[in-house]
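K.L.:
My questions will all concern the structure given below.
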Amino acid sequence: MHSTGYPPPETEHPGTYDPRTDYPDAMRICETIEDMRAACRAARRGGKRLGFVPTMGALHEGHLSLVRAARASCDIVTASIFVNPTQFGPNEDLAKYPRTFERDRKLLEKEGVELLFAPSVEEMYPVGAAAWVTVEELSDKLDGRSRPGHFRGVTTVVAKLFHIVEPDAAFFGQKDAAQVAVIRRMARDLNFFLEIVACPIVREADGLAMSSRNAYLDPQQRKQALVLYRSLMRVQKLADAGELNAAKLAAAAREEVAGENSVRLDYLEIVDPDTLDSVEDVANGALVAVAAFVGTARLIDNILLPKTAG
Ligand code: AMP
C-alpha cells in the first residue's frame, strides 16, 4: 500500500472537493479504478480542465516536462504510474524495468500533481481480460516493426486510462514519436474527445535523450549512446545545408551509427510524422527516427525536420 490517506473520504465533503485548494500540499494516490474515476470526476466539476500524463515511472526531467506542460494549460493535473506488461515483448525488459515509486511520488508531489493513479497489474487486467485496442498498419511501423505487439499494448492501456481518467488533454513526449502518431490515430478513429499534446524531447546537456532505460548504461555505454544524437545532428546539418534527398540523409546517419562498433542499429528511418511512411525527400518536413541497442538497452531518438520554405 502506498496510499497517503489524503484527502479524507469524499463523503465528508460531498461535491465540494477541490484537491488544489482544499489540500494544497497533498497529492492523492488512487490504486483502484473506481477511486480514480470518482476522484477525476470530482476534480472536473465546475468545468475544470483536467490534464493527464501517463508514465511507467522511473521519472526524469522528460516526464516532469510533460507535467509542467499540463500544469501550464490545465486546472488540475493527474499522472499515472503503471509499468504496462502488455507492451513488453516476451524477451524484453519487463522484469528489470526500473521501479522507483517513492522517489517518483515525491517528484510528482513537488510538481503540484493533484492526483496520481498507481494501479496494480491485476487491477488493470482482471483475469479473463480479452479485449484489445489496435491501430492497424501504423502499429507495425518503426518501433512496432521491431517490437511486435508493442503498440497494441500501448493503445490498449492508453484507451483504458483515457476511459478511467476522462481527461480534457493528455500529454505525451515527442521522444516516442511513433507512439504519438499511433495514439493520435486511435483518439481520432475511436472518438476520444480530448486533446493529445506532444511535448519536445528533453535531453541531457550532451544531447542524449532522457530515458528511464538510460539507467541500464554503464559509463562507457553512456558515451557510446551519444551516437544516436550525433547521427540525427548529422542529418540536421545536411538538411540545413540544402540536402533534401531522404535516402542520402539516411545513409549519412547510418554511416555515423556504424562508426560506433558496439552500437547495433535497429532502424534509422525518415518518414512522414503522421503516417510513418517513408518519404523520398524532406521538403515537406519529416521525422528522422533512430533506434539502436547499446549493450542490452534499446534506445530511441528522433528529430523533426521542418518544411523547407518555397
Ligand atoms: P514512459 O514512462 O517511458 O512510458 O514515458 C512516459 C511519457 O514520457 C511518454 O509520453 C514519453 O514519450 C515521455 N518521455 C520520455 N522521455 C522523454 C524525454 N526525454 N523528453 C520528453 N518526453 C519524454
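K.L.:
What lysines could a cross-link reach from Lys175, if we take a straight Cα to Cα line under 25 Å and drop same-chain neighbours fewer than 8 places away?
P.N.:
Lys96, Lys106, Lys110, Lys141, Lys160, Lys223, Lys237, Lys248, Lys307
K.L.:
Listed highest first by mean packing, meaning other Cβ atoms within 10 Å per residue, what order do 225-236, 208-219 come in? All intermediate terms of the calculation are to be shown ahead of the outcome.
P.N.:
Values: 225-236: 21.1, 208-219: 17.3.
With the highest mean Cβ count within 10 Å placed first, the list reads 225-236, 208-219.
K.L.:
Further question on the same structure: Stokes-Einstein at 25 °C, 0.890 mPa s, Kirkwood radius from Cα pairs: D for the range 223-302 in µm² s⁻¹?
P.N.:
On the way: Rh = 12.5 Å.
Value of D from the Cα-based Kirkwood radius: 196 µm²/s.
K.L.:
So, one more: From the phi of every residue in the range 297-303, what ³J(HN,Hα) in whole Hz does the Karplus formula 6.51 cos²θ - 1.76 cosθ + 1.60 yield, where θ is phi - 60° and glycine or proline is x?
P.N.:
Using θ = phi - 60°, the values come out as 7, 9, 10, 10, 7, 6, 9 Hz.
K.L.:
Taking amide H atoms as placed 1.01 Å from N in the peptide plane, list the residues 5 or more away in sequence, or in a different chain, whose amide H sits under 5 Å from that of Phe117.
P.N.:
Answer set, sorted by chain and number: Cys30, Ala79, Ser80, Ile81.
K.L.:
If you don't mind, another one. With an 8 Å Cα cut-off and a minimum separation of 6 or more residues, compute the relative contact order for the range 212-303 in percent. Don't skip to the end; give the middle numbers.
P.N.:
Values: 146 pairs, mean separation 29.5, N = 92.
About 32 percent, as a whole number.
K.L.:
What percent does the relative contact order of the chain come to when contacts are Cα pairs within less than 8 Å and at least six residues apart?
P.N.:
15 percent
K.L.:
Leaving out ligands and nucleic acids, note down the accessible area per residue over the range 28-199 with a 1.4 angstrom probe, in whole Å². Don't jump to the answer; show the numbers that get you there.
P.N.:
Details: 7420 Å² over 172 residues.
About 43 Å² of surface per residue is accessible.
K.L.:
Hey, another quick one. Dividing the convex hull volume of the Cα atoms of the range 152-310 by its residue count, what figure in Å³ per residue is obtained?
P.N.:
Working: hull volume 21.0 nm³, N = 159.
Once divided by residue count, the hull of the range 152-310 is 132 Å³.
K.L.:
Contact order normalised by length for the range 28-199, with contacts defined as Cα pairs under 8 Å and 6 or more residues apart; what percent is it?
P.N.:
Details: 273 pairs, mean separation 50.7, N = 172.
Value for the range 28-199: 29 percent.
K.L.:
For the peptides 72-80, 186-194, what is the packing order when you average, over each peptide's residues, the other Cβ atoms within 10 Å and list the highest mean first? Numbers along the way, then the final one.
P.N.:
Values: 72-80: 22.3, 186-194: 14.0.
The most tightly packed comes first, giving 72-80, 186-194.
K.L.:
Given a 1.4 angstrom probe, what's the average accessible area per residue across the range 212-303, in square angstrom? If you can, show how the numbers build up before the last one.
P.N.:
Details: 4280 Å² over 92 residues.
Accessible area per residue: 46 Å².
K.L.:
So how tilted is helix 150-165 from the main axis of the chain? Cα-based, degrees 0 to 90, rounded to 10.
P.N.:
With rounding to tens, the tilt is 30 degrees.
K.L.:
Here is a follow-up. Leaving out ligands, DNA and RNA, and with a 1.4 Å probe, what % of the accessible surface on the range 28-199 is carbon or sulfur?
P.N.:
On the way: 3790 of 7420 Å².
Carbon and sulfur together cover 51 percent of it.
K.L.:
Tell me the trypsin sites (Lys or Arg not before Pro) within the range 241-286 that lie in a loop according to DSSP and have at most 10 other beta-carbon atoms within 10 Å. Write out the running numbers ahead of the final one.
P.N.:
Numbers: sites: Lys248, Arg254, Arg264; in loops: none.
Qualifying residues, ordered by number: none.
K.L.:
What are the ³J(HN,Hα) couplings of the range 142-149, residue after residue, when phi is run through the Karplus curve with 6.51, -1.76, 1.60 and θ = phi - 60°? Round to Hz, x for glycine and proline.
P.N.:
6, 4, x, 6, 6, 10, x, x
K.L.:
Next question. Rg/Rh for the chain to two decimals, with Rh computed the Kirkwood way over all alpha-carbon pairs. All intermediate terms of the calculation are to be shown ahead of the outcome.
P.N.:
Values: Rg = 20.3 Å, Rh = 20.5 Å.
Looking at the chain, the ratio lands at 0.99.
K.L.:
Right, something else. Return the sequence-ordered ³J(HN,Hα) values of the range 176-183 in whole Hz as given by the Karplus equation 6.51 cos²θ - 1.76 cosθ + 1.60 applied to θ = phi - 60°, using x for Gly and Pro.
P.N.:
9, 5, 5, 4, 4, 5, 5, 5
The values are calculated or read from the model by the stated rules, or taken from the named source; none is laboratory data. Computed from a prediction, not measured in an experiment: that's the story for all the values here. Cβ atoms come from the backbone with ideal geometry, glycine included; neighbour counts cover every protein chain shown. To get the accessible areas, we keep the full protein, side chains included, count just its heavy atoms, and leave off ligands, DNA and RNA. Shrake-Rupley method; radii C 1.70, N 1.55, O 1.52, S 1.80 Å.
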